[in-house]
Amino acid sequence: MRNMFAKVLTELVAKDEEAILFYADIGNRLFNPLKEIDQNRAINAGIAEANMTSMAAGVAKMGMKPFIYTITPFLTARNFEQIKIDIAYQNLPVIIVGTGSGMSYANLGPTHHSFEDIALIRALPNMNIVCPADEVELEVLMPQIYKLNQPCYFRIGKKNEPINYETKPDLTFGKAHVIETGSEITILSTGTILPLAKQLQLELKKRGYTPELTSFHTVKPIDEIYLKYVSTQFKHIITLEEHNIHGGFGSAVLEWCNEQQASLQVHRFGLPNRFIDQVSSRASALDKAGLNLDTIMKSLEQRMR
């Protein structure tokens, strides 16, 4: 996904003189094509994420439309105050691109894991949150959030994420994308966990259900129109995310259902509220966290019985 991010960003820089990138000493070669267009619009801010965020806010005040980019926990948790005051409070068009989200950097331990970032950013006024499932969704959505001219958190993976589409989907910022229609059960997935959502859909089909499958790429603002439809057509909502079960996408759906007094069951699946360590890969981290098909199905069997 980070390669596609660099490709789309380079295209934006070539078309728009207001586009500029700040990165925190990561992916230097990744942005070489961008530097060939204009080396002054690819600025290595060093390992100084908070300073980088304030720099981006400064150039945004001057009329530029900056991206800031580095590993997710260093971009969100480490400089949360700068995002809150310099970007969100001033409602500046800075796109915060966190790479290697969730358990992508599993083997490097909790310092490199991002399981709280959606919860942090979701709590801030003026912020949008977009979590593409793969490079295909990224390519479609990134130009759209650039045109918003608003603060946005763009949560992406790392590399080699599975492609979920045979053809480019018709995606719209703020609107959930229904991949396959169904009845009784709907599976709402956000971000790079979509392949697991597809596995879950197939397993439920084997058991006689016809679950709907939806990519909820935009977490904030949440698609209330689709949720209203879901509340009248389905009995069960399953949410999937590679984020702490508390405060993330599933929580946003549950909050909406509570506020609307919707009488349906919400089954949230994500990372448990504990640190995941001593793992060798993203797959082993997700297994240790119980974010796999077998564990989810066992839980659903009990809940839906």
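The values are calculated or read from the model by the stated rules, or taken from the named source; none is laboratory data. This structure is a prediction, so every number in the text was calculated from the model and none was measured. With ideal geometry, Cβ positions are generated from the backbone for all residues, glycine too; neighbour counts draw on all protein chains shown. Remember, those area values only see protein heavy atoms, side chains included, never the ligands or the DNA or RNA. Shrake-Rupley method; radii C 1.70, N 1.55, O 1.52, S 1.80 Å.
The table for this structure:
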item	result
GNM result for the chain, Cα springs below 10 Å: residue of N32, N292, N164 fluctuating most strongly	N32
Accessible solvent surface per residue of the chain, calculated while the other protein chains remain in place, 1.4 angstrom probe, Å²	43
Most fluctuating residue given options E18, E135, E241, as computed from a GNM of the chain linking Cα atoms under 10 Å	E18
Within the chain: Cβ-based charge dipole about Cα centre, in debye rounded to nearest 20 (Lys, Arg +1; Asp, Glu -1)	380
Length-normalised contact order for the chain - Cα pairs under 8 Å, 6+ apart - percent	16
Protein accessible area in the stretch 18-125, 1.4 Å probe - carbon and sulfur %	52
Largest-first ordering by accessible area, 1.4 Å probe, given options D223, D277	D277, D223
[x] 71, 44, 33; [y] 93, 64, 38; [z] 59, 41, 37, with the label sought being that of the calculated Cα extents along the principal axes in Å	[z]
Where D16, D294, D25, D170 fall by accessible area, highest first, once all protein chains stay in place (1.4 Å)	D170, D294, D25, D16
Whole-percent carbon and sulfur share, accessible surface of the stretch 194-305, 1.4 Å	47
Members of K235/K298; K15/K35; K65/K168; K159/K206; K7/K288 lying beyond 23 Å, as alpha-carbon distances in this model show	K65/K168; K159/K206; K7/K288
Mean Cβ count within 10 Å, highest first, over the residues of peptides 246-253, 100-107	100-107, 246-253
Positive-end residue, the stretch 34-165 charge dipole about Cα centroid, Cβ charges, pick of F74, S54, A42	S54
Accessible area, probe 1.4 Å, largest first, for residues Y146, Y209, Y229	Y229, Y209, Y146
Gaussian network model of the chain, Cα within-10 Å springs - most flexible of I96, I179, I222	I179
With all protein chains modelled, accessible area of R274 [1.4 Å, Å²]	130
Whole-Å distance, taken between Cα centres, linking the stretch 17-53 and the stretch 126-155	18
